[in-house]
Each structure stands twice: as structure tokens, then as C-alpha cells.
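A.B. asks: The structure follows.
Rule-based calculations on the coordinates, nothing more; no lab input. Here the structure is a predicted model, which means the values were calculated and not measured. A quick note on method: Cβ atoms are made from the backbone with ideal geometry, for glycine too, and the neighbour counts reach across all protein chains shown.
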Amino acid sequence: MAEAAHRSQDEDAVWRALEEVKDPEIPVLSVLNLGVVRAVEFSDDDLEVTITPTYSGCPAMDMIEAEIKESLARAGYPDASVKTVLSPPWTTDWIDEDGRAKLLEFGIAPPQKATANKRALFSAPPEVACPQCGSENTEMVSEFGSTACKALYKCGDCLEPFDYFKCL
């Protein structure tokens with residue numbers, strides 16, 4: 001029983017350490033907000049954290065992996081390993097509600113819920129509310145914003161440009 005309680009405390013400490021790891025491109029989001037962390041597993045004295053990149057080839061993932069290892073080392077797990085898995089692929093549906101609120105507060109329109117309808121690939125861009133004023137009088141200016149995972153929009157009312165975190 002004592003071992004199970006100790007393991008639970010260890011796992012809680014690991015999750016707290018992971019909450020400290022921020023996305024280098026959107027520093028208001030933790031890797032937990034993004035849903036990038038898929039699992040935390042202990043095997044004997046070894047710790048392995050499984051992550052899934054937001055998209056294959058994401059340039060931030062090397063930095064995120066290094067920061068996960070550093071945060072875990074500070075929390076007392078200097079030999080923790082990080083395993084990257086590509087399946088199932090990450091989806092914006094994995095962003096938690098706290099993360100969606102943080103995106104909006106940061107001035108990035110959070111992704112709308114994904115659709116299983118692949119015809120959406122050939123339809124008009126989604127109607128996105130402006131994170132500055134809330135207006136739905138917005139238009140997509142570019143399929144790519146400040147990073148490849150965001151699109152650039154402009155509000156027709158307050159005239160502010162803003163990023164929209166694309167649905168994947």
C-alpha cells in the first residue's frame with residue numbers, strides 16, 4: 001500500500017513538472033494544455049513520458065522535449081526519457097478548455113471543434129470570431145499566420161489582425 005501511495009505522489013510531481021513546460025511558440029500554453037503529453041509511465045525506477053507532436057516536423061518539438069527533460073530533472077527525475085509517438089496523430093480537439101481560454105486571452109482565436117467530414121478541406125474557411133472584440137465580421141487573409149499551425153485573419157469591425165489556431 002505504501003508503494004502505491006509513493007507512486008501516486010511521484011506521478012503527481014511529474015504532472016506538476018510537466019505543467020511548467022510551455023509551448024515556445026505560444027508561451028501561455030503548457031504542454032498539458034495542448035494535449036501533447038499522452039502518457040506518464042513508471043517502470044521500476046525509470047520514468048518515460050510519451051508525447052505526440054502537434055504536427056509531424058513541428059520545429060518546436062525538439063525544444064519541448066529538452067524542456068520536459070529539464071523540468072523533470074529539476075523535479076528529481078534526471079534520467080527520465082521522452083518518447084515521441086505519431087499515432088494517433090495529434091488533433092486540436094486535445095487542447096483542453098483552459099488552453100482554449102488562454103489562447104483567446106492571448107489574442108489567438110482558439111480552434112473550432114474538428115470535423116470528420118473531409119469535404120471541409122474544400123469548403124470556405126471557418127467563420128472565426130475576433131479575439132479582440134468578439135465580432136464575427138472576420139476574413140482569412142492568409143492560410144498561414146505567425147506559424148504553420150495558425151492562419152492569419154483580420155477583423156472587419158476593429159480592423160485588428162489576429163491568428164487563428166487551425167483545426168487539425
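A.B. asks: Go through 137-144, 61-68, 152-159 and give me the packing order, highest mean Cβ count within 10 Å leading.
C.D. replies: Final packing ranking: 61-68, 152-159, 137-144.
A.B. asks: Strictly over 25 Å apart at the Cα level, which of 22/83; 22/150; 113/150; 83/113; 69/150 would you flag in this model?
C.D. replies: 83/113; 69/150
A.B. asks: Quote the charge dipole size of the chain about the Cα centre in Debye, to the nearest 20; the model charges only the Cβ of Lys and Arg (+1) and of Asp and Glu (-1).
C.D. replies: 720 debye
A.B. asks: Take every Cα pair under 8 Å in the chain that's 6+ residues apart, average their separations, divide by the length, and report that relative contact order as a whole percent.
C.D. replies: The normalised contact order for the chain reaches 17 percent.
A.B. asks: Here's another thing I want to ask about it. Among (i) 1.05; (ii) 1.79; (iii) 0.92, which one is Rg/Rh (Cα atoms, Kirkwood Rh) computed from these coordinates?
C.D. replies: The value computed from this structure is option (i).
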